[in-house]
Structure formats: C-alpha cells, structure tokens
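Written below as structure tokens is the structure these notes are about.
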C-alpha cells in the first residue's frame, strides 16, 4: 500500500519536477512569469509586482468570500454566468478537470468563479448551479455581489483590460480566460479556458507553482 502511495505521489509531481529540471539546471530555478505592471521598491532592490486588490463577495452558500479567504492558497479565477450556453459550459468542464486533478491537495488549490450577471445569479441560483456541475464547496466558490466591484476586479485585478466598460446596465463581460493567482495574489498565468491544451498548460503551471513553494520552504528549513 505504501509503495502504491509513493508511486501515486511521484506521478502527480512528475510534470513539475521535469519542468524544473529542464528549465533550471542544477543550481537555478526559473519561476512562472509575473503579469501586470511592476515597480522597484523604495529600497532600490526589491520588485513590487501587480497583485489582486481586496474584494468581498458572497458565495453559493451565502458565506462572505474575500481576498483573505485565499491567503496561503493558489487559485484559478474565472468569470461566467449560469444561463450562458456558449463558452461557459466548456469552461466549467475544464474547471471540473482542475478540481479533480488537485482534490488531493486538501484545499491548497482553489477555484473562484465570479458571475458577470449578479442581477440573475443570486445565492440560490449559484447553489443550484454548483449542485448541477458537482462542484466541491471546499475547493470551488461561485460568487456574486456588487456588479461594479465584480467588474472592477476583472479589469483592474485580473487584467481583463480589453473588456472596457462602465459597469452599467449595458456593460457585459464575457471572457474565456482563466487566471492563475499565487499565494501572494500575483498573476502567474493567463489561459484560454475553452481549450483543452491551454488548460493542460494551466494544470502544469499549478504544479510548477507548488514545486516553487516547496523549494522555497525547503530552503528556509535548511537555513
């Protein structure tokens, strides 16, 4: 039984280990890229990267979900609406694949799906949708809230800048993109959530991030 468990762990971690070996050599580690503007800190040495701003929404269970919910977590952000018949079903299928792949992390990897139609997507509607797609509440939040905040976070936080608007009644976001966010709220990847090959890259990216944090943790222990 123990041998089988070790083999399973190896198979799950192998893509990350292979990526590290192929891209870093023996002594260096190449991180996933950072997206968004970056500035030099006042000390003239450190870099300050773009990060997701504070937010507060309500999920399918009526619980408050904020940026603090994801402290110490890696998560994938998306935008959808429950009555969508075009790209959203494909995106949901791919997010279910992510849910299945990372269920073993016991909550380290999370999914955050924001509705773009809060007038329709109330808490009960989101609850029914989560049940329909078999979402794991411990891993996947569907959130609703103030439309302006939902859209501001999309554009200014997750960098869906091509979708400009005023959050008014005629403003409507319909994006196929999945955003990979690290533990420090930095964007580390942007992927097309309707394409299997792109989501496979996202899955590998998550594993690389996990490896990155593991290496950092080991380095701190050795000091």
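Can you tell me the relative contact order of region 47-214? Whole percent, Cα pairs under 8 Å, sequence separation 6 or more. If you can, show how the numbers build up before the last one.
Details: 258 pairs, mean separation 50.6, N = 168.
This gives 30 percent for region 47-214.
Extending 7 Å from Cα along the Cβ direction at residue 174 and again at residue 47 yields two label points whose distance is 3.7 nm. Each of residue 155 and residue 64 was given a label point 7 Å from its Cα along the Cα-to-Cβ line. The distance between the two points is 2.7 nm.
Please identify which residues in region 51-95 have an amide N closer than 13 Å to a label point set 7 Å out from the Cα of residue 132, following the Cα→Cβ vector. The answer is 81-86, 88-90, 92-93. Kindly give Rg over Rh for region 71-137, based on alpha-carbon atoms, with the Kirkwood expression for the hydrodynamic radius. Rg/Rh for region 71-137 comes to 0.96. Cβ-Cβ distance of residue 184 and residue 122, R₀ of 35 Å, FRET efficiency by 1/(1 + (r/R0)^6): the value works out to about 0.60.
Using a cut-off of under 18 Å, list every residue of region 33-51 whose amide N is near the label point 7 Å from the Cα of residue 204 along the Cα-to-beta-carbon line. Within reach of a label on residue 204, which here means backbone N under 18 Å from a point 7 Å along Cα→Cβ, region 33-51 contributes 33-34. Fully extending the segment from residue 103 to residue 195, taken as 0.36 nm per residue of separation minus the present Cα-Cα distance, adds 31.0 nm.
Bear in mind that the values in this text are calculations on the coordinates, not laboratory data. Keep in mind it's a predicted model, so treat the numbers as computed, not measured. Methodologically, a virtual Cβ is constructed for each residue, glycine included, from the backbone with ideal geometry; neighbour enumeration extends over all protein chains shown.
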